[in-house]
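Asker: Before I ask anything, here is the structure I am working with.
The values are calculated or read from the model by the stated rules, or taken from the named source; none is laboratory data. Everything quoted here is computed from the prediction, not taken from an experiment. Here Cβ is always computed from backbone atoms with ideal geometry, including for glycine, and neighbour counts include all displayed protein chains.
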Amino acid sequence: MYDVLIIGSGAAGLTAALNAKQNGSTVAVLSKTYPTHSQTVQAQGGINAVLYEDDDSIDIHVKDTYKASCGLANKDNINFMCKEAKDTIYWLDKIGVPFTKNESGNIAQRKFGGTKKIRTCYSSDYTGLKIVHTLFDQCIKNDIKFINEHTLLDLIIDDNKCFGVIALDIIEGKVKEFKAKSTILASGGYAGIYTNFTTNSFSNSADGLAISLNSGLNLSNIEFVQFHPTALVNSNILVSESARGEGGYLLDQNENRFIDELKPRDEVARAIYNKIKANEKVYLDLRHLGLEKINEVMPQERRLALEFSNVRIEKELLPINPAAHYSMGGIKTDINTRTNINSLYACGEIAQSSIHGANRLGGNSLLEIVTFGKIAGINASKNAKEIKTFDDNKSKELLKQQNYIKEIYSYKNEINFYESKEYLGKLFFDNVGLFRNEENLQFAINELDKIKSNISNMGIQDKSIEYNKNLLEFLEFINMIEIAEVIVKTALNRKESRGAHYRDDYPKQSDTYEKNSLIRKVDKELVLSFEDVL
């Protein structure tokens, strides 16, 4: 039994772990993969903060963030994050994140889309990776326990209070119980549902969100999925916004610029997609920057372009397309990272902390996960210290999940779920993607119903117990289907266009929908509503 158990080992989970440990709690981090495999490493471009107030201010950062949210964020929450940003950067710098420095020896900054000022700190174009590596090093130094290669199956909840989790030990193939006084969910977002049309890793499959929904947690704003404007054609590997922030151009097939490259991501992505739908190619042009600058500020982009597209970006145009990248919605939390279940907290991309609203600014994701990861760790630790007695008996959820896994082994294997997973990705990109409408959304719902009705016929071929990746991937697929249904139904319910949610049958923003969507399950049925932005 632990004081604080954290699910997920990206930057949010690692920050929470460090802060809970430093507050005197016993801490464990449970993760499906390993910290250095987390989705945080995809945040290449940088992290926002007002460090130098001669030409910028916290107030401007707040206004930029709120404007991008299209009215669906809490100004107090944004203000808190932006005020904390400078301390967040200096803390990361102090523990060893190798931020790029300018000629004066200060932390360098670049401009990102949707902002009025230059405020994005960076470590070349490896910012998220460097942050994760540094946090992981610090966790090791602080003797924090890591429980890797365990996938979440269920939350242990009794009388509206969380007592830990049930997870599958992937290596041993055993269902295990992990009790804790406080639990933090930090397992990432759900853009990975757009299989083959996403920048996300294969392991990003909305597990935490699906299990949270089925455990009685409130979800919010799940219809808002951000599509990154620039991913490599065919592979959909991310080309960081740093490429445009450093002066890269977007060109059509006639080599003409057709949009301001640093407009908000939703606008840029839709402009690119319209070109592609018209059978035109779109390119990122970095040739004018020169090899020396490219090697200095975006060496990873150069390497990825060469390895996966066989393009030398200092000499050639780079073919790009939009891809699902980030999810603005998630578990509804307050400014203290609390959920509607006692002793259960959420932070990072899995949480809807009323910061990003309908559209996230580049550079704000890393800031949010570190800022609120800290809050989650401290508050979970404080909560654990207040709990004096704890029932450590086996939970009913343990037996339930053991039986569930046994049941899956008995499923028929008549339909290849891998093919259904790929179909789901294309279905969603085409119908629940950058442009949406009633007809396409309803078509997606009907197709999802067909897939759901055949789950018991999509059983696994591999019947082994130990390290059964076939089983793991089937569990992931079920979670993806669960949240896919929520995405499409919330998108259908919001009859307007706002931020990343664009409906060509309702192309204007409506005051009626200046509300957050709320999703919960009651008697196994989805219940959708709207609530005022608080």
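Asker: Which residue out of Gly433, Gly377 is under 30 Å from His133 (Cα atoms) and of a type outside the set (D, E, K, R)?
Answerer: Numbers: Gly433 fails: under 30 Å from His133 (Cα atoms).
Of Gly433, Gly377, the one residue that is under 30 Å from His133 (Cα atoms) and of a type outside the set (D, E, K, R) is Gly377.
Asker: So is Gly189 in a loop (DSSP other than H, G, I, E, B) and free of Cβ contacts under 8 Å to residues at least 60 places away in the same chain or not?
Answerer: no
Asker: Same structure again: Has the range 139-159 got at least one residue that is under 20 Å from the mean Cα position of the chain (by Cα), part of a helix (DSSP H, G or I) and either touching a residue at least 12 places away in the same chain (Cβ under 8 Å) or crowded, with 24+ Cβ neighbours inside 10 Å (or both)?
Answerer: No, the range 139-159 contains no residue that is under 20 Å from the mean Cα position of the chain (by Cα), part of a helix (DSSP H, G or I) and either touching a residue at least 12 places away in the same chain (Cβ under 8 Å) or crowded, with 24+ Cβ neighbours inside 10 Å (or both).
Asker: Looking for whichever is buried (at least 21 other Cβ atoms within 10 Å of the Cβ) and part of a strand (DSSP E or B) here; the options are Ile78, Ile6. Which one fits?
Answerer: Ile6
Asker: Note down all Cβ pairs under 9 Å where the first residue falls in the range 111-126 and is at positive phi, the second is of a type in the set (Asp, Glu) and in a loop (DSSP other than H, G, I, E, B), and they're at least six residues apart or on different chains.
Answerer: Every condition considered, no pair remains.
Asker: Take the residues in the range 165-193 that are closer than 19 Å to Gly329 by Cβ and touching a Ser or Thr at 6+ places or on another chain (Cβ under 7 Å), then tell me which one is surrounded by the fewest Cβ atoms within 10 Å (Cβ to Cβ). Let's see the steps before the verdict.
Answerer: Step one: list which residues in the range 165-193 are closer than 19 Å to Gly329 by Cβ, which gives 184-193.
Still in the running and touching a Ser or Thr at 6+ places or on another chain (Cβ under 7 Å): 185, 189-192.
Details: Leu185: 35, Gly189: 27, Tyr190: 31, Ala191: 26, Gly192: 24.
Result: Gly192.
Asker: Moving on. Which residue, of Asn359, Asn383, is in a loop (DSSP other than H, G, I, E, B), in contact with a Ser or Thr (Cβ under 7 Å, 6 or more places away or on another chain) and either among the polar types (S, T, N, Q) or surrounded by fewer than 19 Cβ atoms within 10 Å (Cβ to Cβ) (or both)?
Answerer: On the way: Asn383 fails: in a loop (DSSP other than H, G, I, E, B).
Unique residue meeting the criteria: Asn359.
Asker: Ok, one more. Could you run through the range 302-356 and say how many residues are touching an Asp or Glu at 6+ places or on another chain (Cβ under 6 Å) and assigned by TED's automatic domain parsing to the domain that holds Lys275?
Answerer: Number of matching residues: 1.
Asker: Could you check the range 201-218 and list, in sequence order, the residues that are crowded, with 24+ Cβ neighbours inside 10 Å, modelled with pLDDT of 95 or more and outside any helix (DSSP H, G or I)?
Answerer: Matches in the range 201-218: Ser205, Ala206, Leu217.
Asker: Follow-up question, since we're still on this one. In this structure, does Ala380 turn out to be more than 30 Å from Lys174 (Cβ to Cβ), touching a Phe, Trp or Tyr at 6+ places or on another chain (Cβ under 7 Å) and at pLDDT 95 or above?
Answerer: Values: more than 30 Å from Lys174 (Cβ to Cβ): no; touching a Phe, Trp or Tyr at 6+ places or on another chain (Cβ under 7 Å): yes; at pLDDT 95 or above: yes.
The answer is no for Ala380.
Asker: Would you mention how many residues in the range 338-356 are of a type outside the set (A, V, I, L, M, F, W, C) and not in a loop (DSSP other than H, G, I, E, B)?
Answerer: Here the count works out to 6.
Asker: Still on this structure, please answer the following. Looking at (1) modelled with pLDDT of 95 or more; (2) in a helix (DSSP H, G or I); (3) crowded, with 22+ Cβ neighbours inside 10 Å, find the lone condition where Ala243 falls short.
Answerer: Result: Ala243 fails condition (1) only.
Asker: Name the pairs whose Cβ atoms lie under 6 Å apart, with the first residue in the range 485-504 and assigned by TED's automatic domain parsing to the domain that holds Tyr273, the second surrounded by 20 or more Cβ atoms within 10 Å (Cβ to Cβ), and 6 or more positions between them or separate chains?
Answerer: So the pair list comes out empty.
Asker: Of all residues in the range 352-374, which are touching a strand residue (DSSP E or B) at 6+ places or on another chain (Cβ under 6 Å) and over 16 Å from Thr120 (Cα atoms)?
Answerer: Gln352, Ala358
Asker: Please indicate, with yes or no, whether at least one residue in the range 240-247 is more than 17 Å from the chain's Cα centre (by Cα) and of a type in the set (A, V, I, L, M, F, W, C).
Answerer: Within the range 240-247, one or more residues are more than 17 Å from the chain's Cα centre (by Cα) and of a type in the set (A, V, I, L, M, F, W, C).
Asker: Kindly indicate the residue of the range 421-458 that is part of a loop (DSSP other than H, G, I, E, B) and out of contact with any Lys or Arg (no Cβ under 9 Å at 6 or more places or on another chain) and also surrounded by the most Cβ atoms within 10 Å (Cβ to Cβ) among those meeting that condition.
Answerer: Val432
Asker: From (1) closer than 30 Å to Arg265 by Cβ; (2) buried (at least 20 other Cβ atoms within 10 Å of the Cβ), pick out the condition that doesn't hold for Asn106.
Answerer: (2)
Asker: Taking only the range 111-140 into account, find how many residues are under 18 Å from Gln42 (Cα atoms), touching a strand residue (DSSP E or B) at 6+ places or on another chain (Cβ under 7 Å) and not hydrophobic (A, V, I, L, M, F, W, C).
Answerer: If we filter the range 111-140 for residues that are under 18 Å from Gln42 (Cα atoms), which is where we start, we get 112-113, 120-136.
Now narrow it down to the ones that are touching a strand residue (DSSP E or B) at 6+ places or on another chain (Cβ under 7 Å): 112, 120-122, 127.
Now drop any that are not not hydrophobic (A, V, I, L, M, F, W, C), which leaves 120, 122, 127.
Counting residues in the range 111-140 that are under 18 Å from Gln42 (Cα atoms), touching a strand residue (DSSP E or B) at 6+ places or on another chain (Cβ under 7 Å) and not hydrophobic (A, V, I, L, M, F, W, C) gives 3.
Asker: Out of everything in the range 459-513 that is basic (Lys, Arg) and assigned to a loop (DSSP other than H, G, I, E, B), what residue ends up being farthest from Asn413 (Cα to Cα)?
Answerer: Of everything passing the filter in the range 459-513, Lys508 is farthest from Asn413 (Cα to Cα).
Asker: Of everything in the range 22-60 that's surrounded by fewer than 22 Cβ atoms within 10 Å (Cβ to Cβ) and farther than 30 Å from Arg119 by Cα, which residue is farthest from the chain's Cα centre (by Cα)?
Answerer: Gly24
Asker: Then there's this: Please pick out the residue among Tyr418, Tyr411, Tyr467, Tyr423 that is on the phi > 0 side of the Ramachandran plot and modelled with pLDDT of 95 or more.
Answerer: So the residue among Tyr418, Tyr411, Tyr467, Tyr423 that is on the phi > 0 side of the Ramachandran plot and modelled with pLDDT of 95 or more is Tyr467.
Asker: Provide a single number: the residues in the range 507-518 that are without any contact (Cβ under 8 Å) to a residue 40 or more places away in the chain and farther than 16 Å from Gly329 by Cβ.
Answerer: Selection size over the range 507-518: 5.
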